[in-house]
Amino acid sequence: MKRLPTLFEAISSIVVMGLVVLVGFGILHYPIQPLLIIAAVYASFIAFRVGLSWEDLQDGITKRLATAMPAIYIIFSVGILIGTWMFSGTVPALIYYGLELINPTYFLVTAFIITAVTSVATGTAWGSVGTAGIALIAIASEMNIPTGMVAGVVIAGGVFGDKMSPLSDTTNLAALVTKVNIFKHIQHMMWTTIPASIIGLIVWFIAGLQFSSENIENKRMNILLNNIGEAFNLNFWVWLPVIVIVAGISIGKPTVPMMLLSSLVAMFVGVINNGFEIVDAFNVTMNGFDIGMTSLSSNEVSNSMLDLVKRGGIMSMTEIVVTIFCGYAFAGIVEASGSLKVILTTISSKVSKDSHLILVTIAGSLILVFAAGVASVVIIMIGVLLMDMYNERKLDRVNLSRTLEDCGTMVLPFIPWGTSGIYYRDLLHVSLGDFFWWAVPCYLCVFFAAFYGITGIGIKKIKA
């Protein structure tokens, strides 16, 4: 007979998962996929204890994976986009002009602004980091700026833009679930996002003072610039894929179809403008770009050029997707067993003040986002569970929608087994320890959310 797990059983699933990943992945550097499966096995043990069958667990995993499919579509689309934008010369052009125009001292601040603007315009952090972010990291490498530092900045810029864009899926979802106007939701998020970003800009500006033109190895940079100029025809047409995706998403077209349309345009640009083979236009969608597709050979170009162009394709995203499947197996079992429900219900029962309710929202969101690794689950479950309590306490629901994003969307890059954590790690080739401290707004938003909740500053009341 099925029963709800005890609080100890419910929490133990989360604790075991955290310990297994912390020790195995964080300290011993084992592959994360089998570690997530081990955590899922323990979660299954708890699920069997409370009376679930194997069929129940399969249903739970299937339902959780169903929620991941939109993210998987985006991941594969980004893989295609990166490969085709390399093929068209779009990303190489970003790097070429970035190396010529960006001052190393202000590079970190500039990198944040570029990725933030790109993300606001497109509504996707993954897309902006996968295109502009990759270009910026390549530029930083030539300027001898640490990759982890730049990764933290571009991730913060991407997440900032995603959070503040009316085109973002999580932003729309938070407004929809809590039944608030999306633009009021975005406006209220400025209480946390703007000061967190200003502090980040100050930190990045100070950190950037150590870098100057003297850090650049001019000979190596000139070789890279020459390689890019020889391999690609850099003119107006290389910007056409960018124009297509920004214009399409700006008028409300869905993200994935616009990514694919932009990729198709990039394929034509690569063939017509750069003179590449048609067969290679299709190959880049699966296996990514390769220097052999150009008129240059691997012996004629620098190592920087080889590292730069060999990116993209659906196959480059397979490890990310496999990891998502392993992580969602754990999340699906924990949810099916009722463990998340027990934890959240226990937390919400302690509410007696407005500040308690905000702090419960923060705690519940963090627990759930670390368990599930995806913001949509946090927004839906916590939003539905606590919305009536906000109404009863005469608190405007924009406080709820804002906090859900502060403690859901913003912290996603810090979860090694979550979709965003996996995506950024594998795409940018950085570890959490490399970029954590530099993604300043991502963790400061949580502190600002707690500060406002305790002090009452920035907490909007319902007018009688």
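If you filter the range 347-360 down to residues that are open to solvent by 10 Å² or more (accessible area, probe 1.4 Å) and touching a residue at least 60 places away in the same chain (Cβ under 8 Å), you find that the one that is nearest to Phe448 (Cα to Cα) is Leu359.
Among the residues of the range 243-280, which ones are in contact (Cβ under 8 Å) with a residue 40 or more places away in the chain, outside any helix (DSSP H, G or I) and either touching a Lys or Arg at 6+ places or on another chain (Cβ under 9 Å) or open to solvent by 30 Å² or more (accessible area, probe 1.4 Å) (or both)? Selection gives Gly252, Gly275. Residues in the range 59-83 that are within 15 Å of Val322 (Cα to Cα) and hydrophobic (A, V, I, L, M, F, W, C): Ile61, Leu65, Ala66, Ala68, Met69, Ala71, Ile72, Ile74, Ile75, Phe76. The set of residues from the range 309-336 being of a type in the set (Val, Ile, Thr) and open to solvent by less than 50 Å² (accessible area, probe 1.4 Å) comprises Val309, Ile314, Ile320, Val321, Thr323, Ile324, Ile333, Val334.
Here is a yes/no grid of residues against (1) of a type in the set (Asp, Glu); (2) at pLDDT 85 or above; (3) open to solvent by less than 30 Å² (accessible area, probe 1.4 Å):
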site	(1), (2), (3)
Ile362	no, yes, yes
Leu366	no, yes, no
Ala372	no, no, yes
Leu385	no, no, no
Met389	no, no, no
Leu395	no, yes, yes
Phe414	no, yes, yes
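The condition of being farther than 24 Å from Cys407 by Cβ, touching a helix residue (DSSP H, G or I) at 6+ places or on another chain (Cβ under 9 Å) and either assigned to a helix (DSSP H, G or I) or of a type in the set (A, V, I, L, M) (or both) holds for only one of Ala116, Ala135, Ala151, Ala175, that being Ala135. Screening Pro146 with (1) open to solvent by 10 Å² or more (accessible area, probe 1.4 Å); (2) over 30 Å from Asn399 (Cβ atoms); (3) at pLDDT below 85 gives one miss only, at (3). Trp239 satisfies every condition listed in (1) farther than 18 Å from Val117 by Cα; (2) in a helix (DSSP H, G or I) except (1). Just one of the numbered conditions (1) surrounded by 17 or more Cβ atoms within 10 Å (Cβ to Cβ); (2) aliphatic (A, V, I, L, M); (3) in a loop (DSSP other than H, G, I, E, B); (4) modelled with pLDDT of 80 or more is not true of Leu296: (1).
From the list Trp417, Trp437, the lone residue that is of a type in the set (Phe, Trp, Tyr) and in contact with a Gly (Cβ under 6 Å, 6 or more places away or on another chain) is Trp417. Just one residue in the set Leu99, Leu28 is touching an Asp or Glu at 6+ places or on another chain (Cβ under 7 Å) and either modelled with pLDDT of 85 or more or over 17 Å from Val342 (Cα atoms) (or both); that residue is Leu99. Considering the range 431-459, and only residues there that are open to solvent by less than 60 Å² (accessible area, probe 1.4 Å) and in a loop (DSSP other than H, G, I, E, B), the residue that is nearest to Ala151 (Cα to Cα) turns out to be Ala439. Of all the criteria given as (1) in contact with a Ser or Thr (Cβ under 7 Å, 6 or more places away or on another chain); (2) farther than 26 Å from Tyr443 by Cβ, the one not satisfied by Tyr73 is (1). Applying the criterion of being open to solvent by less than 60 Å² (accessible area, probe 1.4 Å) and closer than 21 Å to Ile320 by Cβ to the residues of the range 31-52, the residue that is modelled with the lowest pLDDT is Ile32. Comparison of Thr455, Thr403 shows that the only residue that is at pLDDT 85 or above, under 24 Å from the mean Cα position of the chain (by Cα) and farther than 30 Å from Ile139 by Cα is Thr403. Do you know which of the residues in the range 149-166 that are hydrophobic (A, V, I, L, M, F, W, C) and open to solvent by 10 Å² or more (accessible area, probe 1.4 Å) is nearest to Ile134 (Cα to Cα)? Within the range 149-166, the match that is nearest to Ile134 (Cα to Cα) is Met149.
Taking the numbered list (1) crowded, with 23+ Cβ neighbours inside 10 Å; (2) at pLDDT below 85 in turn, Asp169 passes all entries but (1).
What about Leu344, is it open to solvent by less than 30 Å² (accessible area, probe 1.4 Å) and at pLDDT below 80? Yes, satisfied. When we screen Lys353, Lys394, Lys310 for residues that are among the basic types (Lys, Arg) and at positive phi, the only hit is Lys394.
The values are calculated or read from the model by the stated rules, or taken from the named source; none is laboratory data. All of these numbers come straight from a predicted model, not from anything done at the bench. Cβ sites come from the backbone with ideal geometry, for glycine too, and all protein chains shown count toward neighbours. Note: areas computed on protein heavy atoms with side chains; ligands, DNA, RNA excluded. Shrake-Rupley method; radii C 1.70, N 1.55, O 1.52, S 1.80 Å.
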